[in-house]
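The values are calculated or read from the model by the stated rules, or taken from the named source; none is laboratory data. A quick note: this is a predicted structure, and the numbers were derived from the prediction, not measured. Cβ placement follows ideal geometry from the backbone for every residue including glycine, while neighbour counts extend to all protein chains displayed.
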Amino acid sequence: MSTQVALHVDALSSGYGPLQVLFGVAFDVRAGEIVALMGANGSGKTTTLRTITGQLKATGGRVLLDGEDVTRMPPEELVRRGIAVVPEGRGMLRDLTVEQNLELGAYVVRDRRAVRDAFERAYAAFPVLAERRQQAAGRLSGGQQQMLALARALMSSPRLLLVDEASLGLSPAMTETAFDLLLDVNRTAGVAVLLVEQNALALDLANRAFVLERGRVVDAAEGADVRAMQRRLRDAYLGAEAGEVTS
Amino acid sequence: MLARLITGLTSGAGYALVAVGVVLVFRSMRVLSLAQGEIGAFGFFVGLRWADRGIPGVRWHISPLLTLVVAVVVSMLVALVVERFVVRPLASRPPIDALIATLGVALFLALLEKEMFGTAAQFAPSPVGAWKIEVFDATLTAPRVVAFVVLVVVAVLTWALFTRTRFGLGVLATAGDPAVARVLGVRVRRVYRFAWIVAGALAGLAAALLGAAFGGIAPFDMTRFGLRALAGAVIGGLDSIPGAIVGSLAVGVLESVVGGTFEEPGTAELAVLVLVLGTLLVRPRGLLGTEGAT
Amino acid sequence: MKPSQILAPVAVAVALAWSLLLGDVKISVLVGVVAIAIVALGLDVLVAWVGELSIAHAAFFGIAAFTTVNVGDRGAPWPLAIVAAVAATALAATIAGLPSLRIRGLQVAITTLAFQVFAERYLFTRGDVTAAGRSLPRPAMLEGDVQLYLFALVCLALVLVLRHRIAVTKAARSFVAVREAESRAPCFGVRPGPTKLLAYALSGAIVGLGGAVFAMKAGSISAKEPFLLIESLQLVAIVVVGGRGSAAGIVTAAFLVKGVSQFVSSVPLVDARPDRVFPITSAALLVASIVAFPDGIGGIYRAAGRGADRLLGKGGARPDPRPQPVDPLGTARRGSTLLTVPRPLRLRMPVPALLRARDVVVEFGGLAALDRISLEVRRGEIVGLIGANGAGKSTFFNAVSGLVRASGSITFREVELVGRPAAERSALGIARTFQDVGLARSETVSTNMLLAQTWLVPTPAAGAILGFGRSAADERAVRHRAEIALELFGLQHLADVRLGDLPYGTARIVEIASAVASGPDLLLLDEASAGLAPEEAHALGDRLVALRDELGITLVVVEHHVPLVRRICDYAYCLESGAVVAEGEPAVVTEQPRVVASFLGRAHAATGGRVA
């Protein structure tokens, strides 16, 4: 795995009007690795993703993609630089068919043959989607929508995948499946993944991890330390409230 | 009676052209534009002025066919300006603000027309010739026939756009969820501009053909025509282009049949009002609309 | 006394005095302008308060004027003619507003446009409607132009009083709820349908008065020009340029658009006739205003008032947007006042299970968001609902609130909630908060506190405006309750701050306070601790326990903050994919493998609860 940095987030601040949500968030994602950005509701993790993609305007700091400053770049341009996004709640275009959703995943791909190849790969990897290619996306089950969202994001053969709460609304079993898919994609295609999550299971796949709390990065771990971070998160969940003693 | 029906279909075709533009804008941006009729009228008025007095500076009196071309081009330009400077700044405001803004545009254009051309109806020579055809008892003048043919062409083109082109797919994606469309790489701003330009062009076409079909056009006429198109769009379902076409044809037929049957002035308006209210009461989303229309 | 408060009355007095010094002809023109201003103020009720656009107000104006002449010419005394006009126009407007019960604002604009066109091409072409040939005799005491002008001003004053009454009673609050949060309004006890119709009726009544004034000035009406579509559009221009919601701005705009052109013989620079320049300028101003100056002339007045305040050192400092510490003992005593609510005895009986859900199913487009949920909440408990995002917790609240269609049974004190209109919840004793703060962000904290207590002013809004029955006493009572509820949470210093200007965490606490003010038996809190720091979450936990102990409110809390659940909850349910997968005491439930798996994944569930 190279140490070349794909995505570099530097002292990023942003918010909604007078309400500031992020206060100098900093982390990076190196080529080919999986990074988990953990945080509870209200921690600012979705805001971070939106600011990186340009849906929300940053008030301070920078976002660098392969060295290029993309802080002010709108999402539709960012996607043309090899980033794909799996939005929160999967971002299904419910009235369009599975096939149309996949085709939109390849919107930025100009070469017709490349698009056809991408379709073949998608249907081979996800036979369920091949069966339902003419069905409206809104009619798929939660797990199937998750598959479609992931397949759609991969249609453009991205170098970096930004995944916003893949576990939303999924049972533990389905969440595991989704994470397995991401791991697979990372291993076989070398796609870097930034996983924004609430579910600590994400740390099973992560090479590195950061914890976000009220708009700031409060914890970071790499390699073997990621397991320790997972245990810390579990303790926090199980009852280490301010002042409470765990036996 | 059949004659009235057929004539009504051709007026309805004119309204449908405007209505398709209204629906296109509504679907892609959730903005209901009340200005479509007037934008088209303004374009046609400029065309008529240049036919009547010649293009300023050049002294060239353009031919009737060119009045149609001018109508389309000027309407497209006006639509572009409106999208950029009036509607786009209102993107994050409640929808009523954009509605009021388009109302203001319609008012402004109508008053400008009144200023430039006076209140009397402008005689509008047919841009497409003076021929007529007979269909089942009905005598259809050239503009009416052309309006109907154009509508069919537009219907086919929009179908092809949405099913066969990548850009059309992008428009559908924007209509579904602009935020998701953006992260898929759709240049949403282009989609918005496209919707408005096409709507403007269609309105210009409709004004030129309807104005000629009705013998003349006066300021604020197109607001009334625009109302019929809006009624058609609402009846058919605000987020359905086929619905806009069906609804507008229905309005055209209804007003032709009712207007011809009853002597009292205004019964056609009453009938259209009843149709609109009735449809909305029974099916708030319109005949072919989806949940998104309400 | 702040300068901004006396600025308006002084300006009005000056304008009034000046106008009375004008010659007769000009005063006669002013009567017409005042009539238009009144009509615009009527349109403003709809546009500013409820947020619906009407393009039919010129038609209503016409109906009012014609009715006045029609009734007045038949020998009825002129006050009766005015009353008839007001009633007829209110009725016409209500009818025109009926579509708003089924469809949303954008399409309603089109139905009003259709009404306008129908009126001008059908109604106003009929001689019996337009009172053709009839004329309204000028009443003896209004013979002179000055007297008529003063009469017009009295009518304007009446309209301003009416608008004030609307603003200080539950009517305005209900309108705001419909405008900002129509789908959630029933949770506050507001029924959107009747509320909208009331707004149309009031709007029409005001227009009726304006039309009557116009008719009295004109005597007989031969032309229908003032009632055509273009006039409807110009009325919208007056409302928007004047500033939606600002009476002073709208009156000024009416004068500018309709009055100035009569006084000026030519417009400098442009060398065109004023009656041609002003309308088109007003149209341009309408577009410019809505895009760039949404507050209109009224915004300018307000800014001037604030500037005057600051100049004289009377400007207020910004209050600290965080809750202040609360004195537990004092507030407990005051807080018990909130327990006194007019609830029937059967809803006060001690019952073991306050809320019972049996096999509740909620489906969205074929997918089950709630898949046969059964749970029970006992009186006096604090029950926790935990589960991953999207598990169905908020959907359950929506089912209890009646905001989504559910099948199965949800009973509250033996009363079946499924199928019952959502607006009845607060009267039954159920209140709730929303994940994204379901209140009206453009209104003050105070207004929102009053909004939540709508059910405690049972007099219908129309009656409340007129001060019928107990409405005045009830109004005082809810204001008192709002104060106490704010004190309970340390928010009393923020009463006059706009909710949208407060930080997210404080806004959530305001929402809780407003729900408590409504005197509920059962309070549903949706992620109250989201975004709070650990100390703040701890303090919130304490306040919630106090709510239960001192006010006897039973709580159901949706929470992600598991330690909070373990500390304050008596019972917990864990939801996953729309079903209950675990229930019991929080300490036990939160350690069950299935539950741990929802948050941490199955591998960790397998290694058991605590770390060695």
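Data table
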quantity: Residues (within 14 Å of chain B (Cβ to nearest Cβ), within 12 Å of C:GLY245 (Cα to Cα) and assigned to a helix (DSSP H, G or I)) located in the stretch C:289-309; calculated: C:GLY296
quantity: Residue check for C:LEU142: over 21 Å from B:ALA271 (Cα atoms), touching a Phe, Trp or Tyr at 6+ places or on another chain (Cβ under 8 Å) and aliphatic (A, V, I, L, M); calculated: yes
quantity: Residues satisfying the stated conditions in the stretch C:367-388, i.e. out of contact with any Cys (no Cβ under 9 Å at 6 or more places or on another chain), in contact (Cβ under 8 Å) with a residue 40 or more places away in the chain and within 14 Å of chain A (Cβ to nearest Cβ); calculated: C:ALA368, C:ALA369, C:LEU370, C:ASP371, C:ALA388
quantity: The one condition in (1) assigned to a helix (DSSP H, G or I); (2) at pLDDT 90 or above that A:ASP184 fails to fulfil; calculated: (2)
quantity: Residue within the stretch C:241-250 that is assigned to a helix (DSSP H, G or I), at pLDDT 85 or above and among the hydroxyl-bearing types (Ser, Thr, Tyr) present; calculated: no
quantity: Residue selected from the stretch A:109-122 under the condition in a helix (DSSP H, G or I) and either within 13 Å of chain B (Cβ to nearest Cβ) or hydrophobic (A, V, I, L, M, F, W, C) (or both), by the criterion farthest from A:THR47 (Cα to Cα); calculated: A:ARG112
quantity: Any pair with Cβ under 9 angstrom, 6 or more apart, that starts in the stretch A:62-85 at a residue that is in contact (Cβ under 8 Å) with a residue 60 or more places away in the chain and of a type in the set (A, V, I, L, M, F, W, C) and ends at one that is in a strand (DSSP E or B) and surrounded by fewer than 17 Cβ atoms within 10 Å (Cβ to Cβ); calculated: none
quantity: Cβ-Cβ under 9 Å pairs, at least 6 apart or on other chains, the stretch C:120-147 side closer than 23 Å to C:ALA59 by Cα, far side surrounded by fewer than 16 Cβ atoms within 10 Å (Cβ to Cβ) and of a type in the set (Asp, Glu); calculated: C:TYR122/B:GLU264; C:THR125/B:GLU264; C:ARG126/B:GLU264
quantity: Condition check for A:GLY54: under 18 Å from the mean Cα position of the chain (by Cα), over 26 Å from C:THR506 (Cβ atoms), free of Cβ contacts under 8 Å to residues at least 40 places away in the same chain and buried (at least 21 other Cβ atoms within 10 Å of the Cβ); calculated: yes
quantity: Of all residues making up the stretch B:100-148, the number that are at pLDDT below 80, of a type in the set (A, V, I, L, M, F, W, C) and crowded, with 22+ Cβ neighbours inside 10 Å; calculated: 1
quantity: Filter result for the condition that a residue is assigned by TED's automatic domain parsing to the domain that holds C:PRO99 and either modelled with pLDDT of 90 or more or in contact with a strand residue (DSSP E or B) (Cβ under 9 Å, 6 or more places away or on another chain) (or both), over C:VAL129, C:VAL161; calculated: C:VAL161
quantity: Verdict on B:VAL18 being in contact (Cβ under 8 Å) with a residue 24 or more places away in the chain and of a type in the set (A, V, I, L, M); calculated: yes
quantity: Per-region count, the stretch A:225-237, residues free of Cβ contacts under 8 Å to residues at least 12 places away in the same chain and either away from every other protein chain (no Cβ under 12 Å) or buried (at least 21 other Cβ atoms within 10 Å of the Cβ) (or both); calculated: 1
quantity: Among the candidates C:ALA93, C:ALA76, residue that is of a type in the set (A, V, I, L, M), away from chain B (no Cβ under 14 Å) and more than 30 Å from C:ALA440 (Cβ to Cβ); calculated: C:ALA76
quantity: Matching residues, the stretch B:216-274, being in a loop (DSSP other than H, G, I, E, B) and either without any contact (Cβ under 8 Å) to a residue 40 or more places away in the chain or of a type in the set (Gly, Ala, Ser) (or both); calculated: B:ALA218, B:GLY237, B:SER240, B:PHE262, B:GLU263, B:GLU264, B:PRO265, B:GLY266
quantity: Condition met for C:ALA8 (more than 14 Å from every other protein chain (Cβ to nearest Cβ), in contact (Cβ under 8 Å) with a residue 12 or more places away in the chain, closer than 15 Å to C:LEU202 by Cα and not aromatic (Phe, Trp, Tyr)); calculated: no
quantity: Test: residue in the stretch C:15-22 that is under 33 Å from the mean Cα position of the chain (by Cα) and assigned by TED's automatic domain parsing to the domain that holds C:GLN107; calculated: yes
quantity: Residue match in the stretch C:182-189 (condition: of a type in the set (Phe, Trp, Tyr), closer than 24 Å to C:ARG405 by Cα and outside the structural domain of C:LEU450 (by TED's automatic domain parsing)); calculated: yes
quantity: Residue identified as crowded, with 24+ Cβ neighbours inside 10 Å and under 21 Å from the mean Cα position of the chain (by Cα) among A:VAL163, A:VAL108; calculated: A:VAL163
quantity: Evaluation of B:THR158 against (1) surrounded by fewer than 15 Cβ atoms within 10 Å (Cβ to Cβ); (2) among the polar types (S, T, N, Q); (3) away from every other protein chain (no Cβ under 14 Å); (4) within 28 Å of B:VAL31 (Cα to Cα) (one fails), failing number; calculated: (1)
quantity: Number of positions in the stretch A:202-224 that are of a type outside the set (Gly, Ala, Ser), away from every other protein chain (no Cβ under 14 Å) and out of contact with any Lys or Arg (no Cβ under 9 Å at 6 or more places or on another chain); calculated: 2
quantity: Some residue of the stretch A:185-193 being under 23 Å from B:ALA175 (Cβ atoms), touching a helix residue (DSSP H, G or I) at 6+ places or on another chain (Cβ under 9 Å) and of a type outside the set (Ser, Thr, Tyr); calculated: no
quantity: Residue in the stretch C:385-405 that is crowded, with 21+ Cβ neighbours inside 10 Å and in contact with a Phe, Trp or Tyr (Cβ under 6 Å, 6 or more places away or on another chain) present; calculated: yes
quantity: Positions within the stretch C:525-574 being within 33 Å of the chain's Cα centre (by Cα), of a type in the set (D, E, K, R) and not in a helix (DSSP H, G or I), in sequence order; calculated: C:ASP526, C:GLU527, C:GLU559
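So that you can scan it fast, the table gives a plain yes or no per residue for (1) charged (D, E, K, R); (2) touching an Asp or Glu at 6+ places or on another chain (Cβ under 8 Å); (3) in a loop (DSSP other than H, G, I, E, B); (4) at pLDDT 90 or above:
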residue: A:VAL79; (1), (2), (3), (4): no, no, no, no
residue: A:VAL85; (1), (2), (3), (4): no, yes, no, yes
residue: A:ARG94; (1), (2), (3), (4): yes, no, yes, no
residue: A:ASN101; (1), (2), (3), (4): no, no, no, yes
residue: A:TYR107; (1), (2), (3), (4): no, no, yes, yes
residue: A:ALA124; (1), (2), (3), (4): no, no, no, no
residue: A:MET147; (1), (2), (3), (4): no, no, no, no
residue: A:ARG152; (1), (2), (3), (4): yes, no, no, yes
residue: A:LEU161; (1), (2), (3), (4): no, no, no, yes
